[in-house]
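Asks: Please see the structure below; I have some questions.
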Amino acid sequence: MSTVAKALALLNLVAAEEEEKGLSELARLAGMDKATTRRMLVELEAHGFLEQDTVTRRYRIGATPVRLARIREARVPLLRAAIPFVKELAQATGETCHLAEFSGGALHSLHVEDCSKAHRVIVDVGITLPLHATASGLAFLAPLPRDAAEALLKEPLEAFTDATVTDLATLRQRLDETRKRGWSINRNGLEAGVVSVAAAVLGADRRPIATLAIAAPDVRIDAPHLEELGLKVADAAGRLSARLNGNEGAPSAPLKMIRGMRP
């Protein structure tokens, strides 16, 4: 791994931790010696990517990532455009709804609207969503050419639960079903007791750039309700794609696909 890659991995490690960590803890978690870790922390701090608390000597995310995020959002306004659609989905379904964006070779949650019910699914902002084990991942992979999709599936695929699909042939079948349906389904693939549906947000070139998803406790989602949620997320993703690509007013592509399959 290159020095730059190690530094970025360390930055991501700090970002992923709920509590601030000191040098020794970060070196242990990163699997590096303290001298190397300290050198990288000093460089990251010097460029504003990290900050060190002057009292506790622990590290947290600095101002530079925030500034870069604002610049990116100003130039590629995915989050600003998507939040109203995520809020709308959450209000219409009464379940946890979230937006994920593909960047750096992985799918990350970008915005979450929590469910108000006591029994609900919790999705943290910033987590990585395994492509093979989540509805968001399946929705993202489905519009891609097969070779491009499979290039993103690094074997061996991790089994998070007994229901996680780790067989490539079965995954191909799931992706075919997702393409025909217009939205993906995942039951218990990442966490037992959770069912999710998702649809891809497409760029101007019709390739996926993000996903919208609805996650709910499996016990309260029967087959008719699941289809209703799938139709809603496909419609929302289609309308968001149109908004981003300047095609508002045209029927959403995923919904057209679903209607085309009905008698």
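Asks: Considering Ala236, Ala213, Ala192, Ala199, which residue is closer than 25 Å to Gly126 by Cβ, open to solvent by less than 40 Å² (accessible area, probe 1.4 Å) and in contact with a Ser or Thr (Cβ under 6 Å, 6 or more places away or on another chain)?
Replies: That would be Ala213, the only listed residue that is closer than 25 Å to Gly126 by Cβ, open to solvent by less than 40 Å² (accessible area, probe 1.4 Å) and in contact with a Ser or Thr (Cβ under 6 Å, 6 or more places away or on another chain).
Asks: Let me ask something additional. What pairs can you find where one residue is in segment 162-178 and among the small types (Gly, Ala, Ser), the other is open to solvent by less than 70 Å² (accessible area, probe 1.4 Å) and part of a loop (DSSP other than H, G, I, E, B), and their Cβ atoms are less than 8 Å apart, with a gap of 6+ or different chains?
Replies: As it stands, the answer is Ala163/Asn188; Ala163/Gly189, since those pairs meet every condition given.
Asks: Taking segment 122-159 as the search range and keeping residues that are more than 25 Å from Ala234 (Cβ to Cβ) and not acidic (Asp, Glu), which one is most open to solvent (accessible area, probe 1.4 Å)?
Replies: Checking each candidate, the answer is Lys154.
Asks: Still on this structure, I have one more. Does Leu78 qualify as being without any contact (Cβ under 8 Å) to a residue 60 or more places away in the chain, surrounded by 11 or more Cβ atoms within 10 Å (Cβ to Cβ), within 23 Å of Ser103 (Cβ to Cβ) and not acidic (Asp, Glu)?
Replies: no
Asks: Test each condition in (1) free of Cβ contacts under 8 Å to residues at least 12 places away in the same chain; (2) not in a helix (DSSP H, G or I) for Glu51 and report the one that comes out false.
Replies: Failed condition: (1).
Asks: State whether one or more residues within segment 161-179 are more than 16 Å from the chain's Cα centre (by Cα), open to solvent by 10 Å² or more (accessible area, probe 1.4 Å) and under 22 Å from Glu88 (Cβ atoms).
Replies: No, segment 161-179 contains no residue that is more than 16 Å from the chain's Cα centre (by Cα), open to solvent by 10 Å² or more (accessible area, probe 1.4 Å) and under 22 Å from Glu88 (Cβ atoms).
Asks: Among the residues of segment 86-98, are any under 14 Å from the mean Cα position of the chain (by Cα), free of Cβ contacts under 8 Å to residues at least 60 places away in the same chain and more than 30 Å from Arg39 (Cβ to Cβ)?
Replies: No, the conditions are met nowhere in segment 86-98.
The values are calculated or read from the model by the stated rules, or taken from the named source; none is laboratory data. In this text, all values refer to a predicted model and were calculated from it rather than measured experimentally. Glycine also receives a Cβ, built like all others from the backbone with ideal geometry; neighbour counts cover every protein chain displayed. Surface areas here come from the heavy atoms of the whole protein model, side chains and all, with no ligands, DNA or RNA. Shrake-Rupley method; radii C 1.70, N 1.55, O 1.52, S 1.80 Å.
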